Amino acid sequence: MATAIALLAVAACSDSSTKGGDHSTAAAITISGGANQTGTPGAPLAQPIAARVTNSQGNPVAGKAVSFAVTRGGGTVASSSVTTDNDGIAQTTWTLGAGSVRQQVKATAGSVSSLATATVDTTRSLFLLPLRDTVSVNDTIWVTVVSGTSGLNGEVRGAVQESIVNSIPTAARLVTLYYMQGEFFDYTGNSGTLNLITSGPTNTFARDTYLRIGYVATSAGKDVNFSHAVSGFIGARTFTDLRSNVSVVGATVHIR
């Protein structure tokens, strides 16, 4: 009778949810906190980015190294490698960059990874917004210049001196500029760098689109970064104060 009971006990253990395998192996990683925040380039997000590592039974894996790497937007993380705690969680602070409105950080543990996303606050930004983040060769890359400056106590309209730099001009060739509104516009430059004087932004609308730029994609397998810089606001008294109150954000487009 004792032998039968012992055999049953062994059988029960062999059928448990923790049988077999290396329970310290990461089978999955998920973003457990801090995703989908809105922030300002150059400033840490309000909440840290947290990733939870689990094994094949869904249980937390403690003591596992998790790497954090910015994959879009040009921001930074406080720690590129963090060890999970007893709950299988590793976390770090994420500071957004000025590379794009939509930004990403990848958390990786062993062979598994997961993406966390965040967005630049576009209510106080001059930013570039691509029509599509991914295009094919011979497609037109449409990049729109948008301002979000309402409520910043300025004149109704002022002009802005700005430049847009294409990181790979041989992969995205400038073909057209389409000015959408306003009374003053001039530019110099080429596929690599455009220097612009435009009559935006206004301080009237929450989101004001004033210029659209078209590039033809010519090379596959490239990530083209369009950086956006502002050298001055002119033509209205109080717009000279805007540079310290708005973010200037670029864009990234992948040519597949």
How much net charge surrounds N195 when only other residues with a Cβ under 11 Å from its Cβ are counted (Lys, Arg +1; Asp, Glu -1)?
-2
Less than 11 Å Cβ to Cβ from A118, Lys/Arg counted +1 and Asp/Glu -1: what total charge do the surrounding residues give?
+1
Shape call, segment 46-115: gyration tensor on alpha carbons, a/c limit 1.5:
prolate
Local net charge near T252, Cβ-Cβ under 14 Å (Lys/Arg +1, Asp/Glu -1):
+3
Starting from the amide H of S247, placed 1.01 Å from N in the peptide plane, find each other amide H under 5 Å away whose residue is 5 or more places distant or on another chain.
S125, L126
Please list, ordered by chain and number, the residues whose modelled amide H lies under 5 Å from the amide H of L211; skip anything fewer than 5 residues away on the same chain.
V145, M180
About the Cα centre of segment 63-170, how large is the charge dipole given +1 on each Lys and Arg Cβ and -1 on each Asp and Glu Cβ? Please answer in debye to the nearest 20.
100 debye
Roughly how many nanometres apart are two label points built 7 Å out from the Cα toward the Cβ at N245 and A65?
4.7 nm
Need the full-extension length gain, D223 to S113, defined as separation in residues times 0.36 nm minus the C-alpha distance. One decimal, nm.
37.5 nm
In debye to the nearest 20, the charge dipole size for segment 21-120, taken about the Cα centre with +1 at each Lys and Arg Cβ and -1 at each Asp and Glu Cβ, equals 280 debye
Amide H of I168 versus every other amide H placed in the peptide plane: which residues, excluding those fewer than 5 positions away on the same chain, fall under 5 Å?
N225
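Computed from the coordinates by the stated procedures, all read-outs in this text should not be read as laboratory data. What you are looking at is a predicted structure, and each value in this text was computed from that prediction instead of being measured. Glycine gets a Cβ as well: all are built from the backbone with ideal geometry, and neighbour counts include every protein chain shown.
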